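Have a look at the structure below, then the notes.
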Amino acid sequence: MSNKRFQTGTGPSQRQLRVGELIRRTISDVLNRAEIHDPDLNGIPITVGEVSCSTDLRVCTVYVMPLMGSVPVEDAIKALARNKGELRRRVGAVLTLKYAPDLRFRPDETFDRLDETRRLFSDPTVQRDLAAPEGDED
């Protein structure tokens, strides 16, 4: 038996990443094919950006964003939360886990962070620092 029962690192384990990606693909496929019988949910094009899983894989946080701002993010999350049971059943049928994870939906703020990063890199002060030679420290 291994001495490394508990993860000591700060990041997710390989299993958490693999299961999260499988859940992301499954939910994306279900939403893309409009397999959920909810006209409100089927009318919203939703991007599933990332799924992060807890260490015991019982709770997964799904980060979503409606495409092109078609509807407010809150409306998309409410529609997904209403159909959480059906989505959980679909995920449980695809994955071979002991428990089907509880799904929690949150807005994906990755795109906002990308815009902020682009804005910072276009700042003249940052551009000057990037263009300075490495040996120059003043």
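Laboratory data are not the source of any read-out in this text; all were calculated from the coordinates shown. Quick caveat, the model's predicted, so the values are computed rather than measured. Here the Cβ is made from the backbone with ideal geometry for all residues, glycine too, and neighbour counts use every protein chain on show.
Side notes on the structure shown:
- In this structure, residue 121 and residue 21 have a Cβ-Cβ separation that, at R0 = 41 Å, corresponds to a calculated FRET efficiency of about 0.90.
- Restricting the trypsin sites (Lys or Arg not before Pro) of the stretch 1-97 to loop positions (DSSP other than H, G, I, E, B) with no more than 16 neighbouring Cβ atoms within 10 Å leaves 4, 5, 33, 58.
- Among 126, 91, 19, residue whose mean-square fluctuation peaks in a GNM of the chain (springs only between Cα atoms under 10 Å): 126
- 0 to 90° range, to nearest 10: angle between helix 84-94 axis and the chain longest Cα axis: 90
- Antiparallel DSSP beta bridges within the stretch 14-131, percent to nearest 5: 55
- Prolate/oblate/rounded call for the stretch 16-108, Cα gyration tensor, a/c under 1.5 rounded: prolate
- The stretch 77-138: GluC sites (Glu not before Pro) in DSSP loop, at most 13 other beta carbons within 10 Å: 109, 134, 137
- Along the chain, longest interval not containing exposed chymotrypsin sites (Phe, Trp or Tyr not before Pro), exposed being DSSP loop plus at most 14 other Cβ atoms within 10 Å: 7-98
- Its Cα centre serving as origin, the stretch 23-138 has a Cβ charge dipole (Lys and Arg +1, Asp and Glu -1) of approximately 1100 debye.
- In the chain, Cα pairs under 8 Å separated by at least six residues give a relative contact order of 21 percent.
- Amide H contacts of residue 71 (H built 1.01 Å from N, under 5 Å, at least 5 apart or other chain): none
- Counting only alpha carbon atoms, the long axis of helix 110-121 and the longest principal axis of the chain meet at about 0°.
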